[in-house]
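FYI, it's all coordinate maths here, none of it is from the lab. This structure is a prediction, so every number in the text was calculated from the model and none was measured. Cβ atoms come from the backbone with ideal geometry, glycine included; neighbour counts cover every protein chain shown.
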Amino acid sequence: MSVINQMLKDLDERKTATPNGPHAPLMGQKNNSSKLPWVIVAILSIALIAWVLKDLLPVAPMTTDYEKVVATSHETEEQIVTKAEALTPETEQQLEPIIKATLAESERSVAEQTEATEVTLEGTEIPVTAEVADNTTEANKMILEPVADLVTNPVVTTNDEVVEKASQPRVVKVSPQLELRAKAQALYEQYQRESYGAISDAQYTEVLALDPDFHEVRISWLSRLSQQKDNRFEQESLMAIQRWPEIYQYRQMLARSWVAAEPQKAYDLLLQQTPTINQAPDYHGLIAYSAKQMGDFNLASKQYQLLLKSFPERADWWLALALAEDQLQRSASALRAYQQSLRFPGLAQNIQAYAEQRIKALQGY
């Protein structure tokens, strides 16, 4: 500040000096030469003062629009809930007309756009014309008019009508086949009670006349004919096999009657159509026995081994396997099969004695 005061003092002296004095030119020249350093010093002083004031005074922060947007978008959940709670019922009532007007305007705009839109079906553009719109209106009327009629004229059912319908007996339709089976079943059970199980041939025939597909009764009848050595057994069995090939019991019964005298014929009959081992194990046992009766012990051995994998507790099949292996002179496997046959029940005493004798012989006693 002293520098500035000195400059002002010099300026006053120049104003008060006499321009016509003897030293006037000399003073003017002296003042002009001394002005420049003072001006430079003044400029530097002002710059220094401005630089010091810039560091001391606080600068207002500059906030960009982006920061304002980010700051306003980060509202907390509490602020959102507070704003939502601020909508009082009075405010909602005030906003309701505005919302309805907005929705109506939106629907009108969508309707105008829909009228000008072309419908595209499988790559072919079909403009929606007034004729199509009329047809659509007629279709809507055809759908809505019956519905409106139902609404305006509903069918009223009283409680009395409901009770009357509920009290009426329900009629259940039964197929003729099931009806015949029911009659045949009732007649068969009646004959069993009256004859204590000894149904006559005529009674069997009567039951089967009602329902020829009553296979349980037919199998029982054929078994009776087989036991009686009736000549009709083979003829009736062949007829049943031809008519119902899916019923394996008919082939099994006929093959059992053939296996002793005609094992090849029985074997071929059994192989016409075979059920699974789990479904009919005795059927496959009869196949193995037929092979053994034919003298094909290798085939019989394979068949018995296959059966014993599923039914290892069958003592009779272990004995049959032992006999087949014994015929093939396979001593080790025959010995093991004989021993297995004695571990399970089912063999007669004389057969058990034979198995024990063969075990001792194979062991070298």
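Note on E356 and Q272: the model spin-label points, each 7 Å out from Cα along the C-beta direction, lie 4.5 nm apart. So if I take the centroid of the Cα atoms in segment 299-365 and the same for segment 182-228, what is the distance between those two points in Å? Computed from Cα coordinates, the inter-centre distance equals 40 Å. In plain terms, the residue of K183, K229 with the fewest other Cβ atoms within 10 Å comes first and the most crowded comes last, giving K229, K183.
Full extension of the chain between S310 and S175 gives 44.6 nm of extra length, using 0.36 nm per residue less the Cα-Cα distance. If you plug the beta carbon distance of S195 and F344 into 1/(1 + (r/R0)^6) with R0 = 41 Å, you get a FRET efficiency near 0.60.
Based on Cα atoms of segment 301-365, Rg over Rh with Rh as the Kirkwood radius reads 0.94.
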